Amino acid sequence: MQLPRPRGPLSERVFAEMLSPDPKPVAVEPLPATGDVLADEDLQVTLWALYELSFRGFEDVDPDHEWSPGLITTRRVLEEAFEAALRSLTDDAVDRALEEHRRTTEQVLAVIDDVDDPRLARYLQREATEEQYREFLVHRSIYHLKESDPQAWAIPRLEGGPKVALAELQYDEFGGGRADRLHSTLFAKALEGAGLEPAYGAYVDVVPALTLATNNAMSFFGLHRRLRGAIMGHLAAFESTSSLPCRRYSGGAARLGFDGRVNDYFDEHVEADAVHEQLAVRTICQQLVDQEPALQRDVLLGASACVRLDALAAAPMLEAWQQGRSSLLDTPQEEVA
Amino acid sequence: MSTSRACQVEICPDGPALVRGADEVVDSNGRAHRTTRPVVAVCLCGRSQRAPWCDGTHKVVTAAAPSSSTVEARVG
């Protein structure tokens, strides 16, 4: 994979540094206002590319730049803005859950229920055209081709029950000992089955900032040990809001007559995530907060960020489709000026 | 029954039963369902559309639906 296309002056300058032998920090100014950070194309693609150095990297970027002090300095400035935006997005819901419920399991469910269902799954099940369904897979490809990778960072940072439960969950995500059942591989097969490009990162240039932000949140929570509560809260919310929508996604794929590999991916997740939800909410999050009460708020930050970012990303997708437009960025031939 | 591992069942409040180490689960009609997963979620609310496996439906049906399913897990 090559570096993505820049989307503005910040990404142009940061990507130029990433391509240089000795990257220097880039002054990030002016930063977008907190409320605009999540939908800022320039900022989100920059952050996505900086995080990618810790996943698969880029063919045109020196692998050693993962730890470049210049790039990490830039990343930290962006992360401070991103964290402020995520906390601002979720603080009220987290406060309500803490006031109204005592147990972590109940608080996690409360922040999930605090968000109205964006009805994306229902739309895909009943109304979406083939092209819209393919667009949905394109949005999801950014995460599902590295499914569960950001959560794996948490394993060495947990102890006892939560570590065991996360390992049990991840064993399933990573194929249960069978390379052909690796969930990211199942998704690549689903993309192929839908006539799409299965290569990692193939669609980064066409997904909007909010889709990148859902991914950046996982990378941000996963890469910082202090946020181990948030990455596990995110996991709990992700798994808890997966089984029922996956049944609808599978139904939509069947309605549209897609290749069985598309259904196979979502059917796998109906059953697998029914298990994962229990592990993530009851065993991982509850026991983690029992062990480390100081992580309580971050667990709920992660859970709330998961569902709220999902809803934010889904709304313009649905709106575009209902107006007969594409939800993806224009396939750009011209460079950003 | 194998002596090398134990089959373990964990009942989740208002949720399914997590069954570890089963090779097959027998549903209330006596039909055996094989599994290769190390842990499976078995429906206890009786409303799953993928019975005997949990599909999350318990979250959308009214609480306290009595369990009508009887399951038996076997290690082969």
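Key figures for this structure:
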quantity	calculated
Cα lying deepest toward the dipole's positive end in the protein assembly as shown, options A:LEU86, A:LEU186, A:VAL281, charges on Cβ	A:VAL281
Top positive-direction residue, dipole computed over chain A with Cβ charges, set A:TYR133, A:GLY195, A:PRO162	A:PRO162
Segment A:224-328: chymotrypsin sites (Phe, Trp or Tyr not before Pro) in DSSP coil with no more than 15 other Cβ atoms inside 10 Å	none
Separation in nanometres of the label points that stand 7 Å from Cα toward Cβ, at A:SER88 and A:LEU31	1.0
Residue mean of other protein chain beta carbons inside 10 Å, A:267-277	6
Selection of GluC sites (Glu not before Pro), segment A:43-77, meeting DSSP coil and at most 15 other Cβ within 10 Å	A:GLU59
Within 10 Å of each Cβ in B:9-17, the average number of Cβ atoms from other chains	3
Candidate lysines for bridging to A:LYS146, where Cα separation is under 18 Å - those fewer than 8 sequence places away on the same chain excluded	A:LYS189
Difference of contour (0.36 nm per residue) and Cα-Cα distance, A:GLU80 to A:ARG102	4.9 nm
Least to most buried among B:SER48, A:SER148 (fewest other Cβ within 10 Å first)	A:SER148, B:SER48
Label-point separation, A:ALA202 to A:ALA16 (7 Å along Cα→Cβ), nm	3.3
Förster-model FRET efficiency, 35 Å R0, A:LEU329 and B:THR36, C-beta, rounded to 0.05	0.30
Radius 11 Å from Cβ of A:ALA237, net charge of other residues (Lys, Arg +1; Asp, Glu -1)	-4
Test item: Cα-centred dipole of chain A, Lys/Arg +1 and Asp/Glu -1 on Cβ, debye	600
Global geometry of chain A, whether rounded, prolate or oblate, following the gyration tensor of its Cα atoms and the 1.5 cut on a/c	rounded
Loop-resident sites, segment A:248-337, for GluC sites (Glu not before Pro), counting at most 15 other Cβ within 10 Å (DSSP)	A:GLU334, A:GLU335
B:GLU10-A:ASP95 FRET efficiency (beta carbon distance; Förster radius 25 Å; 0.05 resolution)	0.20
Chain A - percent relative contact order, Cα under 8 Å, separation 6 or more	24
Ranked list, fewest to most other Cβ atoms within 10 Å of each Cβ, for A:ILE284, B:ILE11, A:ILE72	B:ILE11, A:ILE72, A:ILE284
Sum of -39500 (n - 2.57) over DSSP H runs of 4+, divided by residues of chain A (222 nm, nearest 500)	-20000 deg cm²/dmol
Order of A:THR46, B:THR35, B:THR57 - criterion: other Cβ atoms within 10 Å of each residue's Cβ, fewest first	B:THR35, B:THR57, A:THR46
Simple Cβ-charge dipole of segment A:9-84, Lys/Arg +1 and Asp/Glu -1, about Cα centre, in debye nearest 20	140
Partner chain coverage, peptide B:43-52 - average Cβ within 10 angstrom	1
Charge context of A:LEU47, other residues only, Cβ under 12 angstrom, K/R +1, D/E -1	-4
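Read-outs throughout are calculated quantities, based only on the coordinates presented, and are distinct from any laboratory measurement. Treat the numbers as computed from the prediction; the structure is a model and nothing was measured. No Cβ is skipped: glycine too gets one built from the backbone with ideal geometry, and neighbour counts run over all protein chains shown.
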